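A.B. asks: This structure is in structure tokens; I'll ask about it shortly.
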Amino acid sequence: MMEPLAVARAGMICPVGPDAEQTAASIWAGVSRKQETSIVDRRFEPVVMGHLPLEVLPPLVEPLEQVRPGLTSLQRRLLRLVTPALQEVLGVEVDEGAPIGENEPRFISSVLPPGLAPLPPLLLAGPMPSPGRPEIMTGRFIGQAMLQSGVPIDPTASRVFPSGHAGFFAALEHARAQVIEPGHAEFAVVGGVDSYLDLYRLAVLEQEERLLTQGVQDAFTPGEGAAFVLVTSRVACRRYGIEPLAWIDGIGVAQEPGHRYSEEPHRGDGLAQAVRHTLSGAAGRVDPVRLVMAGLTGESFHAKEWGVAFLRNRKHFADPLRIEHSAEYTGDAGAALAPLMLGVAISAMRAKDITGPALVWGSSDFGECGSLLLQVA
């Protein structure tokens, strides 16, 4: 049985909202913002996706403009996306008079206790690398994100999890087992950033017939976003007088042998196992799950594995059961989808729009699966 993680704060940005409050309210209300882009498909029709206008994203700081070899257009966009969400989750206002340097955060934080040491690590889920292509997100991205946003994090203890949809759950489990419970740090920033607004990624999706264009297709609408939560322990909440937004009572991660690119049959074992681990390892008594924030994107692959996971764990779910899939409104935000859904669930349960507990799940193209159980504080 795991010790629950307290969610102290959230930060989000996506096509339907520039911050956590508006993002959660818009998604819960069913506000959709998927628009035509300047990119065309093979039929010369504009690609539709959920994306943010450039003018709402902060520009790169000057030192990153001088990085050699230069950043790709996708890496630049990810850094711009990550900035407002990171600054929001840590309650950061940038101190414009502070020096700019990779190990010199430019911040005034209203969230972290004064003089906190060590600073929280950043555990960041990101897009998976494409076969035969350089990695999109490496360990260098942590320092670049710190430089871009000026946030107070410990770069030496930070890690990237470039595994797409399920990366957030692996990062959250790392925060629990490797950071918070052993006492290496009292807080951790966990989240994800992703964007499909990239010519190569869109071309690959279209080649694989996964890019939703016109007609009836087994495909999805691409999206983008960034979302983070600040997690800590029950002990730290008491020590610093923190009133948590919610509690993460269980986390499960697993591997699907029959993933999208495997020659093995897809039986849905991975997600079913992740959900079982989440519910069986939950802290304390667990009421039936009443809300599911599902990593459904429009492709039948995810619908099949969710059906298997639900049937194998049926006794843990309430009837009626509410199922929400945020990608319907924002497009598929990739590695940012799970933390976005977590933020939406927290907001809805705290507003008493629905009672918990809630299950959040996601799965990646190469078989990684994950889920978590959420209770409001």
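The values are calculated or read from the model by the stated rules, or taken from the named source; none is laboratory data. Please read these numbers as outputs of a predicted model, since none were measured by experiment. All Cβ positions, glycine included, derive from the backbone under ideal geometry; neighbour counts span all protein chains shown.
A.B. asks: Would you be able to say whether some residue in segment 190-198 is free of Cβ contacts under 8 Å to residues at least 40 places away in the same chain and either assigned by TED's automatic domain parsing to the domain that holds L337 or small (G, A, S) (or both)?
C.D. replies: No.
A.B. asks: Checking the conditions here, which among A274, A303 is within 24 Å of G334 (Cβ to Cβ) and surrounded by fewer than 23 Cβ atoms within 10 Å (Cβ to Cβ)?
C.D. replies: Unique residue meeting the criteria: A303.
A.B. asks: Applying the selection to segment 189-220, what residues are hydroxyl-bearing (S, T, Y), touching a strand residue (DSSP E or B) at 6+ places or on another chain (Cβ under 6 Å) and not in a strand (DSSP E or B)?
C.D. replies: Y196
A.B. asks: How many of the residues making up segment 3-42 are of a type in the set (A, V, I, L, M), part of a loop (DSSP other than H, G, I, E, B) and surrounded by 17 or more Cβ atoms within 10 Å (Cβ to Cβ)?
C.D. replies: 1
A.B. asks: Please name all residue pairs, on different chains or six or more residues apart, with Cβ atoms under 8 Å, provided the first residue is in segment 304-317 and is on the phi < 0 side of the Ramachandran plot and the second residue is surrounded by fewer than 14 Cβ atoms within 10 Å (Cβ to Cβ) and assigned to a loop (DSSP other than H, G, I, E, B).
C.D. replies: V308/R267; H316/P288; F317/P288
A.B. asks: Go through (1) part of a helix (DSSP H, G or I); (2) surrounded by fewer than 21 Cβ atoms within 10 Å (Cβ to Cβ); (3) outside the structural domain of P134 (by TED's automatic domain parsing) one by one and return the number of the condition H266 breaks.
C.D. replies: (1)
A.B. asks: Take the conditions among the β-branched types (V, I, T) and either in a helix (DSSP H, G or I) or not assigned by TED's automatic domain parsing to the domain that holds Q87 (or both) and apply them to V253. Does it pass?
C.D. replies: yes
A.B. asks: Right, here's the next one. Within segment 277-300, which residues are assigned to a helix (DSSP H, G or I) and either at pLDDT below 95 or surrounded by fewer than 23 Cβ atoms within 10 Å (Cβ to Cβ) (or both)?
C.D. replies: Within segment 277-300, H277, L279, S280, S300 qualify.
A.B. asks: Is one or more of the residues making up segment 211-222 within 30 Å of S73 (Cα to Cα) and of a type in the set (D, E)?
C.D. replies: Checked segment 211-222: at least one residue is within 30 Å of S73 (Cα to Cα) and of a type in the set (D, E).
A.B. asks: Of everything in segment 77-109, what is in a loop (DSSP other than H, G, I, E, B) and either at pLDDT 85 or above or under 15 Å from the mean Cα position of the chain (by Cα) (or both)? Give them in sequence order.
C.D. replies: L90, G91
A.B. asks: Given the condition surrounded by fewer than 24 Cβ atoms within 10 Å (Cβ to Cβ), assigned to a helix (DSSP H, G or I) and polar (S, T, N, Q), answer yes or no: does some residue in segment 325-337 qualify?
C.D. replies: The answer is no, given that none of the residues of segment 325-337 is surrounded by fewer than 24 Cβ atoms within 10 Å (Cβ to Cβ), assigned to a helix (DSSP H, G or I) and polar (S, T, N, Q).
A.B. asks: What number of residues within segment 121-151 satisfy the criterion of being assigned to a helix (DSSP H, G or I) and either touching a residue at least 40 places away in the same chain (Cβ under 8 Å) or not charged (D, E, K, R) (or both)?
C.D. replies: Number satisfying all stated conditions: 9.
A.B. asks: On to the next question. Those residues that are surrounded by fewer than 24 Cβ atoms within 10 Å (Cβ to Cβ), in contact with a helix residue (DSSP H, G or I) (Cβ under 6 Å, 6 or more places away or on another chain) and of a type in the set (A, V, I, L, M, F, W, C), I need them from segment 222-250; list them, please.
C.D. replies: L245
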